[in-house]
Amino acid sequence: MIFPFTAIVDQDEMKLALILNVIDPNIGGVLIMGEKSTAKSTAVRALADLLPEIDVVKGCRFNCAPEGPFCSDCIEKLNKNGSIEIEKKKMRVVELPLGVTEDRVVGTLDIEYAIKKGEKRFEPGILAEANRNFLYIDEVNLLEDHIVDLLLDSAAMGVNTVEREGISFIHPAKFILVGTMNPEEGELRPQLLDRFGLCVQVNSLTDKNLRIEVLKRKAEFDDNPEEFFKKWDSEQQILVRKIIKAKENLKNIKIDDSALSFVVDITCQLNLDGHRADIVMLKAARAFAAFNGKNGITQEDIKAVAPFTLRHRLKRLPFEDISQEVDKLNAILETI
């Protein structure tokens, strides 16, 4: 049994960043950085219990959305029947382990079967499982470069294409990327770092009472996981309902010119590449407003998500500590 998400002590930034990505998957995922034993992996795995159901093509191995894009199987089904059936399926957290092979990630085509039977047989990989789900990579900074390249390609294109001996199979591969890492064990490639919509820093709790509460809850969970989960079930359900309501309300949140201007006021004062930071900040602020039951985005909503959006995109000079850039960001948010 998984430790309940709502039972995790403190670490509110990490929990909020994950929740915002459930509300709006287009935010682009989250990178959780911090020292070991700070509940990073626990939080991501616990998120699975809060995930809502989504509409998928009935019987599809790739969770294709009813409106498309479609995998090769669904395209054949549409051409044959002229229509598709729909069912509901709960979202999942799919893990990508370190040391995974390329075939396990992208899937494989059975060429022998195709030659003998004249039909395609595709064995789905992790990207197929992750489509429209969360793709979780623990110690993402230790992932091999060729696997990183595959993820970058899929994240950019939103599809996975497998070709062998003139035979090809295509399926959508749009996933919410979540990575956890300890910065002391190595840095992340800049191309992958920028792919994470949000980034949060997790630290060990220093407050004595909070540390005691961590011990109490962990002991309770270890002694009787089922009873502990029941104890937190009402909190879990309240959060699930709040997330579902926020998802339903998301597109009703007004984005006026003052919100757009405020986002740009922040980013123009920082040395950033491209416009991804602006776009992600606006999406995160909208999700945050929806989560709090608002009708529009306020400056406070933007300020609340700005550190998540910008922390991993801040540039620093050689030998300059990233904390100096973070201090600069905080100073901007205080004075703007």
Confirm whether E235 is touching a Ser or Thr at 6+ places or on another chain (Cβ under 6 Å), touching a residue at least 60 places away in the same chain (Cβ under 8 Å), open to solvent by 70 Å² or more (accessible area, probe 1.4 Å) and not hydrophobic (A, V, I, L, M, F, W, C).
-> yes
How many of the residues making up the range 167-190 are among the charged types (D, E, K, R) and in a strand (DSSP E or B)?
-> 0
Only one of (1) over 23 Å from I23 (Cα atoms); (2) of a type in the set (D, E, K, R); (3) in contact (Cβ under 8 Å) with a residue 60 or more places away in the chain; (4) open to solvent by 60 Å² or more (accessible area, probe 1.4 Å) is not met by K216, so which one is it?
-> (3)
Pick out the one residue from F196, F229 that is within 20 Å of F291 (Cβ to Cβ), surrounded by 15 or more Cβ atoms within 10 Å (Cβ to Cβ) and of a type outside the set (D, E, K, R).
-> F196
Positions within the range 223-259 being of a type in the set (K, R), closer than 16 Å to L18 by Cβ and touching a Gly at 6+ places or on another chain (Cβ under 9 Å), in sequence order | K242
Counting only residues in the range 149-178 that are crowded, with 18+ Cβ neighbours inside 10 Å and of a type in the set (S, T, N, Q), the one nearest to V57 (Cα to Cα) is identified as N160
Somewhere in the range 40-47, is a residue crowded, with 21+ Cβ neighbours inside 10 Å and of a type outside the set (A, V, I, L, M, F, W, C)?
-> yes
Of the residues that make up the range 129-148, is at least one loosely packed, with under 13 Cβ neighbours inside 10 Å, modelled with pLDDT under 90 and not β-branched (V, I, T)?
-> no
Being modelled with pLDDT of 95 or more and small (G, A, S) is the filter; apply it to the range 1-28 and report the residue that is farthest from D207 (Cα to Cα).
-> A17
In the range 144-166, how many are without any contact (Cβ under 8 Å) to a residue 24 or more places away in the chain, assigned to a loop (DSSP other than H, G, I, E, B) and not small (G, A, S)?
-> 0
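Would you check if E76 is farther than 30 Å from I32 by Cα and acidic (D, E)? Write out each step before concluding.
Values: farther than 30 Å from I32 by Cα: yes; acidic (D, E): yes.
Judged against the criteria, E76 is a match.
Quick grid of which residues meet (1) modelled with pLDDT under 95; (2) open to solvent by less than 50 Å² (accessible area, probe 1.4 Å); (3) not in a loop (DSSP other than H, G, I, E, B):
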{"site": "G274", "(1), (2), (3)": "yes, no, no"}
{"site": "M281", "(1), (2), (3)": "no, yes, yes"}
{"site": "A285", "(1), (2), (3)": "no, yes, yes"}
{"site": "R311", "(1), (2), (3)": "yes, yes, yes"}
{"site": "L333", "(1), (2), (3)": "yes, yes, yes"}
Give the number of residues within the range 242-265 that are open to solvent by less than 70 Å² (accessible area, probe 1.4 Å) and among the basic types (K, R).
-> 1
Can you work out which of the residues in the range 95-109 that are buried (at least 19 other Cβ atoms within 10 Å of the Cβ) and either among the charged types (D, E, K, R) or within 21 Å of the chain's Cα centre (by Cα) (or both) is farthest from L143 (Cα to Cα)?
-> V106
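Please determine whether any residue of the range 16-24 is in a loop (DSSP other than H, G, I, E, B) and either among the β-branched types (V, I, T) or open to solvent by less than 10 Å² (accessible area, probe 1.4 Å) (or both).
Yes, there is a match, as at least one residue in the range 16-24 is in a loop (DSSP other than H, G, I, E, B) and either among the β-branched types (V, I, T) or open to solvent by less than 10 Å² (accessible area, probe 1.4 Å) (or both).
The values are calculated or read from the model by the stated rules, or taken from the named source; none is laboratory data. What you are looking at is a predicted structure, and each value in this text was computed from that prediction instead of being measured. Here the Cβ is made from the backbone with ideal geometry for all residues, glycine too, and neighbour counts use every protein chain on show. All accessible areas refer to the heavy atoms of the entire protein, side chains included, with ligands and DNA or RNA removed. Shrake-Rupley method; radii C 1.70, N 1.55, O 1.52, S 1.80 Å.
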